[in-house]
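Below is one structure, written out as structure tokens, with a few remarks after it.
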Amino acid sequence: MVEFKRIRIRNTAPSSAFAAEHFCIELNKRIEGTAELTESEEAEIVFENDSSLSRDEYIIERTENGYFFRAASIRSFFYAIGRFLREAVSTDGSLALVCDISGRYAPNKTIRGHQLGYRTTPNTYDAWSYDDYERYYFDLMYFGVNTIEHIPLDPENSSHNALMKYDGREFLVKSSEALDRLDLDMSLWHPNNDGEDTESACRKRKEIYSGLKRLDYLFVPGGDPGSLPADAFVRRCREISKVLKSVHPEAKIFPSAQAPHEYSDWGEVFIKAVEENSEGIDGIIYGPNHALPIEELYEKLGGRFPLRFYPDITHNVRCEYPVHYDKNNWHYALATCLSRECTNPRPREYYKLYKETEKYFIGSVSYSEGITDDVNKFLWSALDYDSDITPEEAISDYARTFFFGVETKRIAALIFGLEENWQGNPAENDSIDLSFDFSESLMADYPFLADNWRFNQLYLRAACDKLVKMRLGFETELIEKAETALENGNSSDAIDILKTDFTDEYKNLRRLIDILADMLFIQIGYQSDTEQYLADNPERGAILDTIDLPVTDRAFLIAKAGEAANSAELLEYFNVNNVEADEYYFSVALNNVTDAQTGEPYFNFQGDRPKINDGTLRTALFNVFDNFEYTHRITGLTAGCDYILRVTFLDKKDHAVDSLRITANGNTVYCGPQFGEIDEEYTRRFCRPGFVTAKYIIPADYIHSGELLLTFSEPIMGVMFAEYSVKRQNFFKIKIIRTQN
């Protein structure tokens with residue numbers, strides 16, 4: 001360790017004066033009175049300008065007393081400050097570095113940044129002040145960020161909420177000035193508005209861009225949002241580029257290869273358009289709703305344009321990289337209660353994604369909608385600056401930087417533990433209990449963590465995971481007991497069992513979640529619900545709107561108990577998913593899509609939507625497979641028997657669709673409009689509005705040696721289904737003999 005009892009800081013250049021002052025303040029937050037600014041030649045830290053370095057490089061040189069920080073720009077001085085803070089711990093009234101930090105540092109990637117849009121959709125940013133934004137700029141610079149992306153608010157097309165302190169245009173101007181002071185590159189994500197012609201688009205953009213002190217990059221999405229055909233989109237970008245460079249000559253425009261859904265050939269047309277005339281186009285962005293997979297885009301562009309990544313490190317479901325993106329097996333109970341934008345440290349998974357994609361890109365600016373992805377931002381930034389860093393090193397740096405005074409290993413263990421919490425069935429995951437207990441012990445040992453919003457959001461996540469586990473286990477046990485009572489003819493006992501109240505331990509944990517959510521709103525503006533804290537909608541980190549949603553069929557069964565004529569009919573609701581040994585049942589939510597599917601399947605999760613998962617939705621319908629084709633091989637069927645195939649679809653009826661095709665071992669079972677013959681009884685009893693079940697006959701001679709290769713396909717809307725069964729004759733089965741594992 002390199003230890004400092006005192007740290008005198010000497011600045012030798014006007015360009016680094018602000019950085020030196022900032023460093024002094026940060027050191028004194030860690031140990032009051034340790035640091036001071038000085039003119040002494042014996043200073044422990046000296047800031048020194050070195051014009052031979054690029055704006056993103058810095059040198060830290062070991063001296064007899066401490067270190068020289070050498071850089072050519074204020075942002076690189078902040079990188080040097082960050083390197084020190086990332087390795088600094090407080091011990092017995094002094095600061096110590098866990099390693100020697102001397103060396104020459106240069107970034108792995110050219111562009112390293114994050115989107116911090118000031119609009120109503122984020123779960124945090126809209127509540128921030130200019131000081132909050134500037135503080136976050138500092139934090140990000142510690143990990144090598146050089147680009148901040150903002151979003152222009154168009155008064156005609158953008159909403160404004162009561163949390164927002166500033167006019168959107170004023171905010172852009174002020175943030176541009178702040179970024180310029182820190183020598184951070186400013187990027188704008190600026191989509192085309194529907195119905196906007198090229199002339200008005202250019203006129204509006206010139207007015208906005210000319211008022212900004214600094215603008216380095218312009219990101220124009222091709223889709224998400226956007227609906228222009230690819231050739232018209234490229235022409236529009238060339239015209240916008242002229243406007244951009246007339247007011248910011250060095251600025252670069254990067255259109256994105258994100259496709260509007262209505263054009264199946266958008267990607268091919270886009271490639272052709274930029275190849276035929278690339279004037280004004282400086283690079284291409286790859287992101288969600290991509291027109292082509294990255295390997296294909298990279299190959300077709302052939303290195304003619306630099307590629308910038310737009311990684312979505314915020315979302316957990318209904319996104320490009322859902323939790324366990326390579327398996328799509330995040331448990332439906334967690335996905336339901338934690339939803340799309342909860343606090344989601346995924347260091348090992350995003351490290352894997354980074355390593356899979358880094359060869360294609362000159363850098364990245366991530367998609368972000370608030371502080372719930374905070375850990376992921378700093379991991380990604382650390383990798384963009386130094387791709388050799390490991391997840392363990394990056395998270396340890398994060399812990400030392402933002403949890404000073406706390407044992408690094410304990411914070412790192414909590415973060416990795418939260419990622420482990422999302423493995424498998426929460427009812428069987430011991431990591432969930434350990435993570436919550438760990439959070440409690442950290443709070444007990446370090447009471448000052450109550451003032452640390454980063455800790456409080458980790459603590460909140462741990463509490464939410466624990467609550468989900470408790471409820472899932474509790475309700476599953478109730479359903480099992482109720483079913484036993486029902487099988488014994490005790491229907492009233494079964495209903496009473498289902499209505500059993502939660503324990504005091506559960507209720508106390510639920511109250512803790514409310515307390516932590518309120519603290520986070522006060523500390524950092526985190527909006528955990530739509531009513532009290534004004535989150536944009538439930539999926540935008542508003543976990544208080546989703547944490548209590550059903551995670552079992554308990555509410556569904558209680559409701560059906562009032563409709564069932566007798567015990568036998570009620571028991572059918574308990575056993576609707578059951579099959580005999582020579583039958584088959586599959587649910588996207590309850591079972592993994594284990595077969596290799598063609599294309600890039602999208603999973604349109606429904607369980608976290610309060611208006612849908614309101615007690616009328618069976619857990620089997622929580623998740624929806626959405627792709628142009630689905631295929632699965634089924635074995636163990638009985639030869640010589642006709643089977644009935646029932647498929648529950650998401651009911652997005654489109655009368656233009658006339659080519660839904662279902663085949664069995666290559667034989668056409670159905671081909672025609674959505675959805676074919678509707679099973680009215682099943683739909684009425686076992687679905688809710690928004691879902692519909694169709695039935696089809698699979699003749700015995702379509703089944704070969706008890707095997708069935710089942711294929712669903714549709715080339716326009718795609719196939720969107722939640723469950724299906726392949727059953728002989730009688731539909732309802734009480735005894736469970738075989739279900740898909």
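For the reader, a short list of remarks on this structure follows.
- Number of positions in region 61-89 that are of a type in the set (Ser, Thr, Tyr) and either in a loop (DSSP other than H, G, I, E, B) or not assigned by TED's automatic domain parsing to the domain that holds GLU26 (or both): 2
- Number of the exception - GLY417 against (1) crowded, with 24+ Cβ neighbours inside 10 Å; (2) in a helix (DSSP H, G or I): (1)
- For region 127-163, the candidate set comprises residues that are small (Gly, Ala, Ser) and part of a loop (DSSP other than H, G, I, E, B); within that set, the residue that is surrounded by the most Cβ atoms within 10 Å (Cβ to Cβ) is GLY144.
- Verdict on LEU534 being in contact with a helix residue (DSSP H, G or I) (Cβ under 9 Å, 6 or more places away or on another chain) and assigned to a helix (DSSP H, G or I): no
- Candidates THR552, THR484, filtered to the one that is part of a loop (DSSP other than H, G, I, E, B) and either of a type in the set (Ser, Thr, Tyr) or in contact with a Pro (Cβ under 7 Å, 6 or more places away or on another chain) (or both): THR552
- Single match in SER40, SER54 (criterion: in a loop (DSSP other than H, G, I, E, B), small (Gly, Ala, Ser) and under 37 Å from the mean Cα position of the chain (by Cα)): SER54
- The residue that is modelled with the lowest pLDDT, counting only those in region 714-732 that are part of a loop (DSSP other than H, G, I, E, B) and buried (at least 19 other Cβ atoms within 10 Å of the Cβ), is GLY718.
- Residue within region 164-184 that is in contact with a strand residue (DSSP E or B) (Cβ under 7 Å, 6 or more places away or on another chain), under 30 Å from ALA17 (Cα atoms), assigned by TED's automatic domain parsing to the domain that holds SER129 and in a strand (DSSP E or B) present: no
- Cβ pairs under 6 Å, 6+ apart, first in region 28-50 and in the same structural domain as THR12 (by TED's automatic domain parsing) and farther than 19 Å from ASP92 by Cα, second part of a helix (DSSP H, G or I) and of a type in the set (Ser, Thr, Tyr): PHE47/SER16; ASN49/SER15
- Figure legend. Inter-residue proximity from region 213-231: first residues on the phi > 0 side of the Ramachandran plot and crowded, with 23+ Cβ neighbours inside 10 Å, second residues assigned to a loop (DSSP other than H, G, I, E, B) and at pLDDT below 95, beta-carbon distance below 7 Å, spacing 6+ or different chains. No pairs are indicated.
- Residue within region 516-538 that is within 29 Å of ASP131 (Cβ to Cβ), in contact with a Pro (Cβ under 7 Å, 6 or more places away or on another chain), free of Cβ contacts under 8 Å to residues at least 60 places away in the same chain and outside the structural domain of GLY615 (by TED's automatic domain parsing) present: yes
- Output for region 489-504, where each listed residue is part of a helix (DSSP H, G or I), free of Cβ contacts under 8 Å to residues at least 40 places away in the same chain and touching a helix residue (DSSP H, G or I) at 6+ places or on another chain (Cβ under 8 Å): ASP493, ILE497
- Residue that is nearest to the chain's Cα centre (by Cα), among those in region 240-257 that are crowded, with 21+ Cβ neighbours inside 10 Å and of a type in the set (A, V, I, L, M, F, W, C): ALA257
- Candidate set: region 583-600, residues that are surrounded by 18 or more Cβ atoms within 10 Å (Cβ to Cβ) and not β-branched (Val, Ile, Thr); chosen: the one nearest to the chain's Cα centre (by Cα): ALA589
- Residue within region 125-140 that is over 17 Å from PHE4 (Cα atoms) and without any contact (Cβ under 8 Å) to a residue 12 or more places away in the chain present: yes
- ARG661 in a helix (DSSP H, G or I) and surrounded by 14 or more Cβ atoms within 10 Å (Cβ to Cβ): no
- Taking region 171-209 as the range and being in contact (Cβ under 8 Å) with a residue 12 or more places away in the chain, exposed (fewer than 15 other Cβ atoms within 10 Å of the Cβ) and small (Gly, Ala, Ser) as the test, no residue passes.
- One residue stands out among those in region 78-122 that are over 30 Å from the mean Cα position of the chain (by Cα) and of a type in the set (Ser, Thr, Tyr): the one that is surrounded by the fewest Cβ atoms within 10 Å (Cβ to Cβ), which is THR91.
- Of CYS237, CYS319, all but one fail to be in contact with a Gly (Cβ under 9 Å, 6 or more places away or on another chain), assigned by TED's automatic domain parsing to the domain that holds THR357 and either surrounded by 22 or more Cβ atoms within 10 Å (Cβ to Cβ) or in a loop (DSSP other than H, G, I, E, B) (or both); the exception is CYS237.
- Filter pass, ASP548 being surrounded by fewer than 22 Cβ atoms within 10 Å (Cβ to Cβ), assigned by TED's automatic domain parsing to the domain that holds ASP496 and either in contact (Cβ under 8 Å) with a residue 12 or more places away in the chain or under 13 Å from SER339 (Cα atoms) (or both): yes
- Close contacts from region 397-411, counting a first residue that is outside the structural domain of GLU87 (by TED's automatic domain parsing) and a second that is polar (S, T, N, Q), with Cβ to Cβ under 7 Å and a gap of 6+ residues or different chains, come to ALA399/THR408; ARG400/THR408; PHE403/ASN452; PHE404/SER90; GLY405/SER90; THR408/SER396.
- Number of the condition not met by GLY267 [criteria: (1) surrounded by fewer than 20 Cβ atoms within 10 Å (Cβ to Cβ); (2) more than 17 Å from SER368 (Cα to Cα)]: (1)
The values are calculated or read from the model by the stated rules, or taken from the named source; none is laboratory data. In this text, all values refer to a predicted model and were calculated from it rather than measured experimentally. Here Cβ is always computed from backbone atoms with ideal geometry, including for glycine, and neighbour counts include all displayed protein chains.
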